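**Student:** A single structure is presented below for examination.
The values are calculated or read from the model by the stated rules, or taken from the named source; none is laboratory data. Note that the coordinates shown come from a computational prediction; the quantities given were computed from them, not determined experimentally. Heads up, the Cβs are rebuilt from the backbone with ideal geometry, glycines too, and the neighbour counts pull from every protein chain shown.
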Amino acid sequence: MPVVEGRRYLGLLAERHLRLPLAPWAPGHFRGDPRAPALRFLRSFPVAHPEEPLDEAAFRMEAARVGALPVVEEGVLRGLVTAFDLLRGLLDWIRPKGPASRLELLVPSLEALAGVVRALEETRTPLVGLHLFREAGGLGFRVLLQVGALDTRPLLARLEALGLRPIRP
């Protein structure tokens, strides 16, 4: 929960930071007034900027092990970005906009990727989306293909002729 004074962002009040000091078994158990100011429990958290790319906010959330980041601009709270917001953004990015099938391949080189593109052209399979990730250890590239065809058998046959088999059809 973001805490503000006027419009100025002061910090974040997290459930986990309230639970421990208030737990009866915890050292330094809070025995004072339960209406004590929230400022007592505020913690410094990383923040996001309104123009920041979502992936940077996601990496910061992961590093801080938090499920939300306050969005702050010039000391003023503008909003809150949550893990659910990031998931929705990712799904909007990778979700096909029409009927499609998904194939996942491991290709050893960019030259082999060019073969995948040729196979798409030769089988007249519409390409809806392509996501490319370098594999660790020099194993090539993981390719996520989204194709505008529900029957992928012609494409799969052409890919197998190139020595490429889907990891997940």
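**Student:** Kindly evaluate Arg142 against the criterion of being assigned to a helix (DSSP H, G or I), out of contact with any His (no Cβ under 8 Å at 6 or more places or on another chain) and either assigned by TED's automatic domain parsing to the domain that holds Leu159 or more than 16 Å from Gly163 (Cβ to Cβ) (or both).
**Tutor:** no
**Student:** Within region 48-88, track down each residue that is under 17 Å from Glu5 (Cα atoms) and without any contact (Cβ under 8 Å) to a residue 60 or more places away in the chain.
**Tutor:** Within region 48-88, Val71, Glu73, Glu74, Arg78, Gly79 qualify.
**Student:** Going through Glu160, Glu121 one at a time, which residue ends up being surrounded by 12 or more Cβ atoms within 10 Å (Cβ to Cβ), among the acidic types (Asp, Glu) and part of a helix (DSSP H, G or I)?
**Tutor:** Residue meeting the stated conditions: Glu160.
**Student:** Also, I was wondering about something else. Which of (1) in the same structural domain as Leu162 (by TED's automatic domain parsing); (2) of a type in the set (Gly, Ala, Ser); (3) touching a residue at least 24 places away in the same chain (Cβ under 8 Å) is the odd one out, the single condition Ala114 does not satisfy?
**Tutor:** (3) is the only condition that Ala114 fails.
**Student:** To continue, here is another question. Of all residues in region 139-157, how many are surrounded by fewer than 12 Cβ atoms within 10 Å (Cβ to Cβ) and within 24 Å of the chain's Cα centre (by Cα)?
**Tutor:** 1
**Student:** Now a separate question. I'd like to know if region 83-100 contains one or more residues that are over 29 Å from Phe59 (Cβ atoms) and either not polar (S, T, N, Q) or not assigned by TED's automatic domain parsing to the domain that holds Met61 (or both).
**Tutor:** The answer is yes, given that some residue of region 83-100 is over 29 Å from Phe59 (Cβ atoms) and either not polar (S, T, N, Q) or not assigned by TED's automatic domain parsing to the domain that holds Met61 (or both).
**Student:** Right, another one. Can you say whether Val128 is buried (at least 16 other Cβ atoms within 10 Å of the Cβ) and more than 30 Å from Met1 (Cα to Cα), as far as the supplied structure shows?
**Tutor:** Yes.
**Student:** Could you tell me whether any residue of region 27-35 is modelled with pLDDT of 75 or more, surrounded by 10 or more Cβ atoms within 10 Å (Cβ to Cβ), in a loop (DSSP other than H, G, I, E, B) and at negative phi?
**Tutor:** No, that holds for no residue.
**Student:** Report yes if some residue within region 95-111 is assigned to a helix (DSSP H, G or I), farther than 29 Å from Pro53 by Cβ and among the hydrophobic types (A, V, I, L, M, F, W, C); otherwise report no.
**Tutor:** No, region 95-111 has no match at all.
**Student:** Pull up region 36-58, narrow it to residues that are surrounded by 15 or more Cβ atoms within 10 Å (Cβ to Cβ) and at pLDDT below 75, then point me to the one that is nearest to Val71 (Cα to Cα).
**Tutor:** This residue is Leu42.
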